[in-house]
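The values are calculated or read from the model by the stated rules, or taken from the named source; none is laboratory data. Small disclaimer: the values here were computed from a predicted structure and weren't measured. Please note: Cβ atoms are built from the backbone with ideal geometry, for glycine as well, and neighbour counts cover all protein chains shown. Accessible surface is based on the protein model in full, side chains and every heavy atom, while ligands, DNA and RNA are left aside. Shrake-Rupley method; radii C 1.70, N 1.55, O 1.52, S 1.80 Å.
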Amino acid sequence: METHIFEINQGKGLQIKPVTLEINTTQIDFENVTNPTPLFIPKPFIEANTTDINLTDLKNDCVIPVFSKDNERTIAHQEFIELTQDCASKVFPHHIFDKPEIRVSHQIKGRTPDAIYLPLVELQDFQRTQYFERMAFIIRIPSIVDTINGNEIVLTIGGVRSYNLENLYNKKSFEKFKFFVGFQVKVCCNLAVSSDGFVEEIRVSSYQELQSKILEVLQNFNAQNQLEQMKQLSQHSLTEHQFVTLLGRARLYQHLPKKDKMNVPTLHFNDGQLNTIAKDYYEDESFCRNTNGDINLWNVYNLFTQANKSSYIDTFLDRNVNAYDFSNSLLKTLNGDNSYHWFLS
């Protein structure tokens, strides 16, 4: 049986991979089946202080926080993920999806009432409760791909939820979510998120409102436009001197007087992340400089998104979008626009 995958966003370059399903009545010995060698080594899309968790454990092993003054429950992390899966299946009905990759941090521990007086060493697993204050996830759509500068990228959707942004000690109010649709670079698992595919704060009071706003983002996203912008990055380069100037200016930016900083475009990356960018300029296997010391802006962009993996969940997407805007503004500067000239002067 053959299923045809149709392109949602028409345009030259974006590839829609066909999927062929074959029905075979031969009995399979599942104990002796081996997985094929993956095309790339999976890496986390974010590192920092996060740990991975699967959707089943999130549903079965975590309690759901409530607003303490009225005991109204929040929209749980797993509901956000499952709702996104449902919305994606509506917008891309003929495509396949990878399992969600989920990262969590800031574990909040508790215990059941029967264990209230037990010493910590005597607690049993069933008497422990937990939830995670912060959660980020992505879902890849492997049938929608393209290639930039020799790097395969895949359409990806995802979101962030941080309970620390809610006032859980009060009555139920609007709940806040971050959501995006963009691309992931397969070789390094860096995310490429533009401001057009990112909503920094979705404020909702119900499950239905959240569903409506996620659908709106997915339906309005112009994948082809982002692809064309990213491909332009690969066609322009910085010399070694320009790259060194960029990093030096980026360090100075953190210490600019407030009145001077107002006249310079925003850069959200800290000194530790700039150190990582400097190191990877020489050492990164996929995005380092060439033999002349030059580096194209696609590689510069990926050095920034690679360094961004050290960000905490609540700032991760904002910095990712900042890296995209910053890289495209460097491109404009090379083409004569003076908006970001300060970073290269």
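Residues of segment 166-201 being open to solvent by less than 10 Å² (accessible area, probe 1.4 Å) and either in contact with a Leu (Cβ under 7 Å, 6 or more places away or on another chain) or hydroxyl-bearing (Ser, Thr, Tyr) (or both), which ones? Matches in segment 166-201: PHE177, PHE180, VAL181, GLY182, PHE183, GLN184, VAL193, SER194. Cβ-Cβ distances below 6 Å connect the following pairs, each with a first residue in segment 81-105 that is in contact (Cβ under 8 Å) with a residue 12 or more places away in the chain, a second residue that is open to solvent by 60 Å² or more (accessible area, probe 1.4 Å) and assigned to a loop (DSSP other than H, G, I, E, B), and a separation of six or more residues or different chains: HIS94/PHE6; SER105/ASN49.
In the condition set (1) over 28 Å from PHE326 (Cα atoms); (2) assigned to a helix (DSSP H, G or I), SER173 is compliant with all but (2).
Do we have any residue at all in segment 133-146 that's open to solvent by 50 Å² or more (accessible area, probe 1.4 Å) and either under 20 Å from PHE198 (Cα atoms) or over 18 Å from the mean Cα position of the chain (by Cα) (or both)? Within segment 133-146, not a single residue is open to solvent by 50 Å² or more (accessible area, probe 1.4 Å) and either under 20 Å from PHE198 (Cα atoms) or over 18 Å from the mean Cα position of the chain (by Cα) (or both).
The set of residues in segment 49-86 that are more than 26 Å from LEU215 (Cα to Cα) and surrounded by 17 or more Cβ atoms within 10 Å (Cβ to Cβ) comprises THR50, CYS62, PHE67. Restricting the search to helices (runs of 4 or more DSSP H) fully inside segment 230-345 and requiring at least 1 residues that are open to solvent by 10 Å² or more (accessible area, probe 1.4 Å) and either within 30 Å of PHE132 (Cα to Cα) or in contact with a Gly (Cβ under 9 Å, 6 or more places away or on another chain) (or both) gives 240-253, 271-283, 297-307, 313-334.
Among the residues of segment 147-165, the ones that are within 30 Å of GLU72 (Cβ to Cβ), open to solvent by less than 10 Å² (accessible area, probe 1.4 Å) and not hydroxyl-bearing (Ser, Thr, Tyr) come to 5 in all.
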